[in-house]
Amino acid sequence: MANKVKCGMIIDLHRCVGCGGCDLACKSENNTPVGIDWASHKVETYGVFPDTKYEHVPTLCNHCEDAPCIRVCPTKAMHKDNKGMVIHDPSICIGCKSCILADPYKVISYNQQSAFLDYVTDDSRIVKGGTFSKKELSEASNAPFPNFNVDRGADGYEAVRKKGTVEKCSFCDHRVADGLAPACVVACPADARIFGDLNDPKSEIVKLLKTYKPTVLLPEKGTKPKVFYIRSFSNKS
Amino acid sequence: MSVLWDIRVSLDLFLGGIGIGAFLLGALLYYVDSEAYGSFIKKAFLIAPIAVIAGLLLLMTELGRPFNVIKTLYEVNPTSFMSLGIFLQSGFILVALVLAFLAVTKGAETLSGPVVYFGAVLAGLVGLYHGFLLTGISIEPWNNAIPVVFFVSSLLAGASLLLCLNLGQLDDLATKLKLPLVMNLILTLELAAVLAWAYNLALTSDSSKHAYEVLMQSFGMQFWGISILLGLVVPLGLFTLALFKKASFKSVFVPASVAMIAGSFFLKNLVVYLGQSI
């Protein structure tokens, strides 16, 4: 019997130029507002001059094998899908925020605000009789409003993010289901992100993991992350 | 300070603790003499579900989507203490309400012994759950000492409140149950548990040491001043005076109870906030 698909991601730190394109692609794909970043990065400068180092590490949900967020969720809203990705189902989330507290990587956010609906509700004009309101513009152009994502809303996924629930990176499961790579992987101009099946010995991700010694964030937590970092410039670890 | 779990969670743990502490004392007295302590038992079984329900209602307001709580009844996660706790608390409330109704309408002596025992077991489990709710998150300082610290704190607060509401029978109970001695023993146990928790934080790992530093720097007054000194040491001293007949038990009991109840709340509140300040 063939092994079950187990999705993972490699971030090649030699290739990453720190442009933040992944962060923006994620925001665009998943309609996250200011203050909620499913994909982000941490930067650190360390050492003593002249021997100093600057480190830029892209971060996202690690889709851990032993995910603390899944363990503590009282309703299984946070669960593992058939590709080994840690997915959140807002329809059964009670908004208790246990997962945020249990998550050592701090990549889960709590959505405190209603969806941003300016583009369907705001009919005020900057110059009366001279400019479009946001609502008119949206209607005239027949464009979806910014927090409504047609792709995200397809195939049973919710298009508008709900208030009072948590949310996090989904490895763009809606795209993966269609045979596409996550938005951050596609957007990366340096091909620093490699996404694939960790159980497929022929996949690029498995080959790279064999070639380079990978590291993960907070290995001491024992969560077995499935986001690996290779070719770090850092000599800290 | 911006926190994910605010004072409503602390109040839930505190009120829930009052409820189970009161229930357990009521159950104990039921087995000692259900006729002599009938009114005491009635109050205990009434206070228990009311306190637990009040705490849960406060907790509901803290949830982002409180109406989804109903889904916890069929979307069960056996690895989540919160998921298990919902069943334990629901079961306890149900049993406590039935007992309260029967105690008020038919008298405490008519209650079924096995049902009271079952309620006491549930109360014990709910008492432990309050601590495990935090321990299950697996972050410092919410370590394995917390369930014991919270459980004993709940016993002290719940029993104190109930005894304050039955001061007429206090002297009788003090003699029969050797209350000054028992209270001293429970207070000493709680003091040992809390100090062991703090000591453990101070020594175990980098993250626990950091938690200890935050405890001392940001919550030092709440911890040493209110939780330890006011909530445990002062009552311990007062009960010791009563034990050695330097003061009457009745005269020291009310101030000691107020101190223990306040100490219980502040201790739980600081633990809830400390865990989120690391």
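Has the range B:55-69 got at least one residue that is surrounded by fewer than 19 Cβ atoms within 10 Å (Cβ to Cβ), in contact (Cβ under 8 Å) with a residue 24 or more places away in the chain and assigned to a loop (DSSP other than H, G, I, E, B)?
Looking through the range B:55-69, none of the residues is surrounded by fewer than 19 Cβ atoms within 10 Å (Cβ to Cβ), in contact (Cβ under 8 Å) with a residue 24 or more places away in the chain and assigned to a loop (DSSP other than H, G, I, E, B).
For the range B:61-91, which positions are more than 7 Å from every other protein chain (Cβ to nearest Cβ) and under 23 Å from residue B:138 (Cα atoms)?
B:62, B:76, B:78, B:81, B:84, B:85, B:87, B:88, B:89
Would you please list the contacts, defined by Cβ atoms under 8 Å and residues six or more apart or on different chains, that run from a residue in the range A:189-211 that is touching a residue at least 60 places away in the same chain (Cβ under 8 Å) to a residue that is small (Gly, Ala, Ser) and assigned to a loop (DSSP other than H, G, I, E, B)?
Filtered contacts from the range A:189-211: A:195/A:181; A:196/A:203; A:197/A:203; A:198/A:84.
Considering the range A:29-53 alone, what residues qualify as being in a strand (DSSP E or B) and either in contact with an Asp or Glu (Cβ under 9 Å, 6 or more places away or on another chain) or modelled with pLDDT of 95 or more (or both)? Walk me through how you get there before you give the answer.
Filtering the range A:29-53 for residues in a strand (DSSP E or B) gives A:40-48, A:51-53.
Answer for the range A:29-53, where residues must be in a strand (DSSP E or B) and either in contact with an Asp or Glu (Cβ under 9 Å, 6 or more places away or on another chain) or modelled with pLDDT of 95 or more (or both): A:40, A:41, A:42, A:43, A:44, A:45, A:46, A:53.
Do you know which residues across the range A:37-81 are within 14 Å of another protein chain (Cβ to nearest Cβ), buried (at least 19 other Cβ atoms within 10 Å of the Cβ) and out of contact with any Gly (no Cβ under 7 Å at 6 or more places or on another chain)?
Correct list: A:64, A:67, A:68, A:69, A:70, A:71, A:73, A:74, A:75, A:76, A:77, A:78.
Could you please give the count of residues in the range B:155-189 that are polar (S, T, N, Q), under 17 Å from residue B:43 (Cβ atoms) and under 17 Å from the mean Cα position of the chain (by Cα)?
1
Where residues in the range A:82-98 are farther than 27 Å from residue A:199 by Cα and not hydroxyl-bearing (Ser, Thr, Tyr), which of them is farthest from the other protein chains (Cβ to nearest Cβ)?
Looking at residues that are farther than 27 Å from residue A:199 by Cα and not hydroxyl-bearing (Ser, Thr, Tyr), I get A:90.
Please state which of the following conditions residue B:33 fails to meet, knowing it meets all the rest: (1) away from chain A (no Cβ under 14 Å); (2) crowded, with 24+ Cβ neighbours inside 10 Å.
For residue B:33, the exception is condition (2).
So which residues in the range B:70-89 are in contact with a Ser or Thr (Cβ under 8 Å, 6 or more places away or on another chain), part of a loop (DSSP other than H, G, I, E, B) and either within 30 Å of residue B:162 (Cα to Cα) or of a type in the set (Ser, Thr, Tyr) (or both), if there are any at all?
Correct list: B:80 only.
The values are calculated or read from the model by the stated rules, or taken from the named source; none is laboratory data. Owing to the predicted nature of the structure, the values given are computational and were not obtained by experimental measurement. FYI the Cβ positions are ideal-geometry reconstructions off the backbone, even for glycines, and counts take in every protein chain you see.
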